[in-house]
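Remarks on the structure that follows.
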Amino acid sequence: MPLLTGCYQCLLASLHWFRRPVPAAEEDTLPRIAVVVPAWNEGAVVGRTIDTLVALEYPADRLRVYVVDDASTDDTPAVVRERAERHPGRVFHLRREQGGEGKAHTINHGLRQVRREGSYEAVLVIDADVIFTERSLLRMARHLADDRVGAVSGYIKEGSRPANYLNRFVTYEYVNAQAGARRAHNVLGAQLCLPGGAELIRREALDAIGGEIDTSTLAEDTVTTLRLQLEGWKVVYEPHAIVWAEEPRDVDGLWRQRLRWARGNIQVTWRFRGIWLRRDRAGRLGSVSFALIWFSVLLMPILMLLASASLVALFVWDREFSVDVFRGLWAINVFTYLYVTLSSFSFDPAAARRSWVQGFAFPGLISLAIIAYALWPPIVDDGVAGLLEDAGVTTQGALRDTVLLFAYVWLSASMLAAWLVRRLERVRGLARLAPALVYVVGYGPLLCAIAAAAWGKQIGRTEMVWEKTEKTGAIGDVA
Amino acid sequence: MTRRPFEDDLRADRRFERALFVRGMAITVAVAALVALRQALL
């Protein structure tokens, strides 16, 4: 089901051309924008972010940057003050003397200050490390010429340079999850999440949800997105507004970042439990399409476990029938994998050129080998068995059963393997094996393992911790 | 200040979306043909 949902989104994304063209806003109608940049110990990155913001192709008298320094203990205050002196009236340093409450609280502090200080028609909430390309804000802001649009987001791309293997996996993932999926959501007429890294919100729309960002979950951006739409505002994704962001360079960093996101999504599902499959309450968000898209991601680990358990049970009950089901399922896998991968490459050909290896290796080399076996069983049944017999080992059909059971179990065991890769990465001397193992186990199973861990933490009511992703400012290719 | 009219962006973005549609349909047809071929061979 998750794979078919992926195909559905790819098909919808390619129909994005048929959407009504964006209104051609005039320059003098562009909104006055207050940019709110939450920053806690971001001295390494925030200076460049401010520099790119003030250099954007956007009328200077309509753009003010407010950096909310959340009691930083590094050189963030000095960096921001220096920029504020260099750009008087355009860059402002807002200091919280007592911080540490998390990003949403920091943003809200900024929003309160901004409301007191000046007149603005929209607020742009961004991360301290993101780099907007020259005309990206223009491309986002033009949507606000339509009075019904309450919020707009851009296309956040992985921008770490030099990019390592994990950055390239994230590049491919973002092509699929943003350039592809969010286009599809535009076509469906709603959005599930405008990323907090680049979220432009109309002032009246923000006021309609209380003027502040949610602080009760770890997914404040998703909560904002859903609440705006439930208040009747349109929320859109602008795929041509490119924003670069630095992403984790190792499995542990990725795990901590995504665990926060996945736990946030579980919290959001519960909080908004009344909207799924309820068009009468939630409009387009309540459609079958959005329920399928949301739950196929959220329940992925559970679905993988169920698939494994069902195949093993079938094997015990009726071995040959289980083989038929396995081949049928993996045949669907092959075609959906091909369709989703090739479609993703077409959504962003430039990113595809950089990450096509990771795109093809996304499910992991073991899963690809299983796909090959499902498509052409003689690989194992004749080829490998023949080689073993030539070497004097008589398999007598045991090899086939072993391979079959391994293939059935791998659907869920791959999550355990991904968890082990994370543990291994922390072991001195073995960490260098982690990249090769991510290719073998797969980036997809790694994301599933993180989702499973999030379920565990949420069910176990483990304390919510805002673990900040470390940023170094190594972003390139800003063009 | 903006150095290029909005219409230039709009035209470029629409061109990309049109090309995306063409590529998407080509991929859809190609994968559907593969599915049909497999069914025929079974």
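We did not get these values from a lab; they are worked out from the coordinates using the rules stated. These numbers come from a predicted model, not from an experiment. Positions of Cβ are backbone-derived with ideal geometry, glycine not excepted, and every protein chain shown enters the neighbour counts.
Excluding residues on the same chain fewer than 8 positions from A:K157, give the aspartates and glutamates whose Cα lies under 15 Å from its Cα. Once the sequence-local aspartates and glutamates are set aside, what remains near A:K157 is A:D127, A:D129, A:E134, A:E173, A:E199, A:E238, A:E246, A:E247, A:D348, A:D477. Counting only residues at least eight positions apart within a chain, or on another chain, the aspartates and glutamates with an alpha carbon under 17 Å from that of A:K457 are A:D252, A:E467. For region A:1-84, the list of GluC sites (Glu not before Pro) that fall in a loop by DSSP and count at most 11 other C-beta atoms within 10 angstrom reads A:E26. Between the listed residues A:L4, A:V36, A:V79, the Cα displaced farthest toward the positive end of the dipole of region A:1-96, a dipole computed from Cβ unit charges relative to the Cα centre, is found at A:L4. Based on every Cα atom in chain A, Rg and the maximum pairwise Cα distance Dmax equal 24.1, 83 Å.
Between the residues A:P301, A:I371, A:A331, the greatest Cα displacement towards the positive end of the dipole of region A:296-459, with unit charges on the Cβ of Lys, Arg, Asp and Glu, is found for A:P301.
Relative to the longest principal axis of the Cα atoms of chain B, helix B:6-41 runs at roughly 0 degrees. The magnitude of the dipole of region A:58-182, with charges of +1 and -1 set on the Cβ of Lys/Arg and Asp/Glu and taken from the Cα centre, is near 360 debye. Its Cα centre serving as origin, region A:296-459 has a Cβ charge dipole (Lys and Arg +1, Asp and Glu -1) of approximately 980 debye. Couplings 3J(HN,Hα) of region A:119-131, computed from phi: 8, 8, 10, 8, 10, 10, 9, 9, 7, 6, 9, 6, 10 Hz, in residue order, whole Hz [Karplus 6.51 cos²θ - 1.76 cosθ + 1.60, θ = phi - 60°; x for Gly and Pro].
Amide H contacts of A:A241 (H built 1.01 Å from N, in plane; Pro and chain starts excluded): A:Y155 sit under 5 Å, all sequence-distant by 5 or more or on other chains. Taking all Cα-Cα distances within region A:2-281, those exceeding 29 Å account for 30%.
Taken along the Cα-to-beta-carbon direction at a fixed 7 Å, the label points for A:L424 and A:A145 span 5.4 nm.
In loop segments of region A:255-352 as defined by DSSP, the trypsin sites (Lys or Arg not before Pro) with at most 13 further C-beta atoms inside 10 Å of their C-beta are A:R273. Only the Cβ atoms of Lys and Arg (+1) and of Asp and Glu (-1) were treated as charged; on that basis the dipole of chain A about its Cα centre amounts to roughly 640 debye.
Between the amide H of A:V149 and those of A:K234, distances stay under 5 Å, these residues lying 5 or more places away or on another chain, with hydrogens modeled in the peptide plane. Per the Debye calculation on region A:325-418 with a single equal scatterer at every Cα and no solvent contribution, log₁₀ I(q)/I(0) for q = 0.12, 0.17 Å⁻¹ amounts to -0.49, -0.83.
Full-extension gain between B:L41 and B:V29, please, as 0.36 nm times their residue separation minus the C-alpha to C-alpha distance.
2.5 nm
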